[in-house]
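Coordinate-derived values only; no laboratory data. Model, not experiment: these values are computed from the prediction. Note: ideal-geometry Cβ built from the backbone for every residue, glycine included; neighbour counts use all protein chains shown.
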Amino acid sequence: MTGAAFITEDFLLESERARRLYHGFARDLPIIDYHTHLPPEQIAADHRFGDMAEIWLAEDHYKWRAMRANGVGEHLITGDASPWERFEAWAATVPRLLGNSLHHWAHLELARIFGIDRLLGPDTAREIWEECNARLARPELSCRGIMRRMGLALVCTTDDPVDTLEHHQAIAADTSFDIPVLPTWRPDRAMAVENPEAFNAWVDRLAEAADVDIRDFDSLLEALRRRQAFFHDHGCRLADHGLETIPAEECTGADVREIFIRARGGHALTHEQIRRFQSALIVELGIMNHERGWTQQLHIGPLRNVRTRMHRALGPDTGFDAMGDAEVARPLARFLDRLDRSGQLARTILYHHNPKDSEVMLVLAGCFQEEPHAGKIQVGPPWWFLDQRSGIERQIENLTQLSLLSRFVGMVTDSRSFLSFTRHEYFRRILCNSLGRDMARGLIPDDIEMVGGMVRDVCHGNAAVSVFQATG
C-alpha cells in the first residue's frame, strides 16, 4: 500500500472553520473518560503488553464481529490460534472496512500511539506487527505510559459492589502516578433474580463483603448501602446500571419482600415477579445514588447473548449482543417520576442503544431538569453500536435541536482497550466539523471564539464540572 498518509492533521475536518475549531480549541484538551471497562489491576501493576494481539484483539468484540462478518474462523478470533495468526486475520479484515469507524479507529490508534501512518493490510501486516511489538516493549507504552501519552486527566472503571477495590487503593497510594483512577458502582447482579442459583451465590458474596446476614429484602438494602459507603470512601461518585428495559411495574413493600424470600430460597420466579422485584430495587438504588450525591448512569436497550450456541461456548461480552427495540418512554418516565416525586432524583446520564430512542430520551430529560444543576438529566454520548461517525453526527444534531449541546458532557470510550482513548479525538473532530459546517451555513454565529468556547465545554469543561468535581 502506497500513497499519502490516511490520518492527516486535518482528518475529518472539511472546512477552514472546522480546522480552526479543532486545532485551536479541542485538540489539546485533557481527556476525562468517565465510563470505561478498563481492568484496574492492569493499571495498578502498570502492565506491559506482550504483543499487538494482546493489546488490540484480546477482548475487543467490535473487532471480533467485523472479523466474523469477513468470514474469519472462530479459532482465529477467540480460539487457540497464535498471536501472530490472530493479528494477521485482523489485518486482512481491515481493508474490507473502508468507511467504517473501525477502519478510522485502527489507523488513529496506529498513528497516535505507535507513530505509524501506513495503512494496515495483508502486505503491511508483518512490518507493522514487528514495529508495534518493539514499541510495546518500551516503558512508555505500558498501561500508564499510554494513559500519559494520550493526555488522560481522569479515568473511571466499572466495578461490582463486592469488589475489594484493592487495585484502586494501590493506584491511589502510588505517588509516582498522578492520573486519578476511580471506581464506578455497577450493582446489576443485585437485579439478576431470573437465575436464582447465580443470584444467591452473588448475594452470599455481598453478605460477606458487607458483613451483613442477608435474610430479607431490608438486609439486602443494608448490605448494598454499606458497600456503597465503602465505594464512596474510595472516591466513587458515579453509579451505572445496565438495563435491557427500565423495570417500572407497581410493587408494594410486602410484595418485594415476599419475592426476595422466594428467590433467596432458590425458587424460580415468574416473569411478573422478576419485573416487580427489579422495579422496586432500581428505585431503591436510585434513592441511594441521590443520598450519596452521585451521578447515576442508565445504559438502556441491548439484547444480551442472542446466539445461544456461541454464548454457551464463549460466555458473555463476546460479540453476540444486539440492538433492542423495547418500549422506553413510558417506563423511563415512570422511573424518573417516582424518584422526582420524593425529591430523590439524582443527576442522571441516559444512554440509548437504539437510534429511535435518542429524541425520546432528550425530550423526556427536558421534563425533569431542575436548578441549580445545568443539565441535571443528560442524554449521554452515542453508545456501543452508535459511537460511529453517523451516530455521533445524529446525536450532535439531536442535542442541538432538542436540548442544549452546550451542556453536553462529552465522549467516553466504554472500552476495555487502552488503545481506545483515540475515540475522544474522533468525537472531537466530528464535533468541530459539524459546528464548522453550521457556521458556514449561517445556522450559528460565525464567531470562532464563541463556538470554540462551546467546543471546550463539550470536550472537557462540562464533564470536569459534572463528573470530575463531583468525584472531588
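So, in Å, what gap is there between the alpha-carbon centers of region 263-280 and region 333-363? First find each Cα centre; the distance between them is then 24 Å. Note on the chain: dipole from Cβ charges, positive end direction compared against 388, 266, 318; the farthest Cα belongs to 388. Between the helical axis of 389-402 and the longest alpha-carbon principal axis of the chain there is an angle of about 60 degrees. Using Cβ point charges alone (K and R +1, D and E -1), the dipole size of region 165-313 about the Cα centre works out to roughly 520 debye. Computed over region 277-351, relative contact order equals 48 percent, with contacts defined as Cα pairs under 8 Å that lie 6+ residues apart. As a size descriptor, the averaged projected area of the C-alpha convex hull of region 48-141 was calculated at 5.5 nm². When you filter the GluC sites (Glu not before Pro) in region 320-399 for DSSP loop state and at most 16 other Cβ atoms inside 10 Å of their Cβ, you are left with 327, 370. Close amide H contacts of residue 379 (hydrogens built in the peptide plane, cut-off under 5 Å, sequence separation of 5 or more or a different chain): 350. The loop-placed chymotrypsin sites (Phe, Trp or Tyr not before Pro) in region 326-373, going by DSSP, include none that has at most 12 neighbouring Cβ atoms within 10 Å of its Cβ.
Look at the dipole of the chain built from charges on Cβ: of 279, 404, 459, the Cα furthest out on the positive end belongs to 404. Compared with the dominant Cα axis of the chain, that is its longest principal axis, helix 271-292 is turned about 70°.
The residues 450, 191, when put in order of fewest to most other Cβ atoms within 10 Å, stand as 450, 191. Structural descriptor for the chain: relative contact order 21 percent, calculated from alpha carbon pairs under 8 angstrom and at least 6 residues apart. Its relative contact order, with pairs defined as Cα atoms under 8 Å and 6+ residues apart, puts region 361-472 at 25 percent.
Between the Cα long axis of helix 217-233 and the first principal axis of the chain there is an angle of about 40°, rounded to the nearest 10.
Working note: 222 nm ellipticity from helices only, DSSP H runs with n ≥ 4, each -39,500 (n - 2.57), summed and divided by the residues of the chain, gives -14000 deg cm²/dmol to the nearest 500.
Each of the trypsin sites (Lys or Arg not before Pro) that DSSP puts in a loop and that has at most 13 other Cβ atoms within 10 Å breaks the chain; the longest unbroken stretch is 1-214. Between region 289-323 and region 41-104, the alpha-carbon centres lie 21 Å apart. Taking only the Cα atoms of region 143-293, the radius of gyration and Dmax are 17.3, 54 Å. Which of (1) 1.01; (2) 1.04; (3) 0.96 is the computed Rg/Rh (Cα atoms, Kirkwood Rh) for the structure on display? Recomputing Rg/Rh (Cα atoms, Kirkwood Rh) here picks out (3).
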